[in-house]
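The values are calculated or read from the model by the stated rules, or taken from the named source; none is laboratory data. These numbers were taken from a predicted model, which means no experiment stands behind them. For neighbour counting, all protein chains shown are included, and Cβ atoms are generated from backbone atoms with ideal geometry for every residue, glycine included. Accessible surface areas use protein heavy atoms only, side chains included; no ligands, DNA or RNA. Shrake-Rupley method; radii C 1.70, N 1.55, O 1.52, S 1.80 Å.
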Amino acid sequence: RSPYPSANFWLNDDLECIHGDIVRGKGGQTAEAYIREVGHSILYGHVHRLEKISRTLWRRDQMVVCTAASPGTLAIPDGPIPRAARNPNWQQGFGLIYYEREGDRHQVNLYSIQDGQCFFNGRHLDGRELEREVA
């Protein structure tokens, strides 16, 4: 295993996690680049966008669905984080990954956070309420 940012971690036989080094200018293009480059599912960061794409591959006459996904960023897109663009195409979000350690089964779920709020498991969560409780 190499150090950050080139380190990787496998959750199971088909699901790799990386920081990422591919960046494309438009939303979804980075996911498309990864899904074409690797022959397995991959979770990546670096682009600070919510992206997810799936592709069906055939291995020895068996259908395998691979996914490339980025969970976005927890940084505030218009906050003090250094950024290259004045108005970056970033989205706040997070991912929840279900997987079996043995084998290759997994499911990638992405959740969008907008104005400190999101829907999770059918519930509306408001981070601004937590912020008021802490203050």
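List of remarks:
- Within the range 24-41, if we keep just the residues that are open to solvent by 50 Å² or more (accessible area, probe 1.4 Å) and either modelled with pLDDT under 90 or within 12 Å of the chain's Cα centre (by Cα) (or both), the residue that is farthest from S54 (Cα to Cα) turns out to be G25.
- Filtering the range 112-131 to residues that are open to solvent by 80 Å² or more (accessible area, probe 1.4 Å) and of a type in the set (D, E, K, R) leaves D115, R123, R128, E129, E131.
- Residue in the range 62-84 that is touching an Asp or Glu at 6+ places or on another chain (Cβ under 9 Å) and among the β-branched types (V, I, T) present: yes
- Qualifying residue in the range 69-76 (condition: open to solvent by 60 Å² or more (accessible area, probe 1.4 Å), among the β-branched types (V, I, T), more than 21 Å from A7 (Cα to Cα) and without any contact (Cβ under 8 Å) to a residue 12 or more places away in the chain): no
- One residue stands out among those in the range 68-86 that are out of contact with any Leu (no Cβ under 7 Å at 6 or more places or on another chain) and modelled with pLDDT of 80 or more: the one that is nearest to N109 (Cα to Cα), which is A68.
- Residues (of a type in the set (K, R) and open to solvent by 70 Å² or more (accessible area, probe 1.4 Å)) located in the range 47-63: K52, R55, R59, R60
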